[in-house]
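Just so it is clear, none of the values below were taken in a lab; they were calculated from the coordinates. Computed from a predicted structure; not experimentally measured. Backbone-built Cβ (ideal geometry, glycine too); neighbour counts: all protein chains shown.
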Amino acid sequence: MAMKHFDEIKGNFGFGLMRLPMKGVEIDYEETNKMVDAFMDAGLTYFDTAHGYLSGKSEVAFRKCVAERYARNRYIITNKLTANYFNSKEDIYKIFDLQLKACGVDYFDFYLMHAQGRVNYEKYRRCEAYETAFELKKQGKVRHVGLSFHDTADYLDKILNDYPEIEIVQIQLNYVDYLDSGVQGKQCLEVCQKHN
């Protein structure tokens, strides 16, 4: 894995676009621009979105507030493939192209299989989602392939054994429930460390 790109992530914080300031049902772009500018001015670079966040408006907010206002080398963008937007491998290519356009970029730094766990993992396998993401990486449309995870540590271990090419895993990890047996933050972190 090319660690150089990981070293480009500045600071310890990411800017999540799952919740943004709203004016009724629309995103408050003026306020979001202020937030993005403060984030970037602090030397931070990592943005995270998904097609379903804010009913599809999150990616557009990224484009308007980041991609159209900052040079591509100033930020890192993660997007995700969410289960309810595809039912076949062909669907994945279509949704991916829509995501690139919505975000206003030519490639994603990180592309994650979204909210992986027992509930949806088999669908991703059946539709060859991981294989498709690895192909998109070969095409230069994705720099790193990974997953976001919401299940137990043993299931994370299974996925990482199935796909040792995975480069990044986003897990639920916070100080409050680090040792909570339901969340298994500590155990999931240990599985990630085991798989490097």
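Brief remarks follow.
- If you run the Gaussian network model on the chain, springs between alpha carbon atoms under 10 Å, then out of Leu179, Leu81, Leu100 the most flexible one is Leu179.
- Relative frequency of Cα-Cα separations exceeding 19 Å in the chain, percent: 61
- Peptides 156-163, 105-112 ranked from most to least packed by the mean count of surrounding Cβ atoms within 10 Å: 105-112, 156-163.
- Gaussian network model of the chain, springs between alpha carbon atoms under 10 Å - residue of Gln116, Gln139, Gln170 with greatest fluctuation: Gln139
- DSSP bridge pairs, the chain: antiparallel proportion in percent, nearest 5: 10
- Equivalent ellipsoid dimensions for region 115-177 as semi-axes, Å, which come from the Cα gyration tensor, largest first: 22, 14, 9
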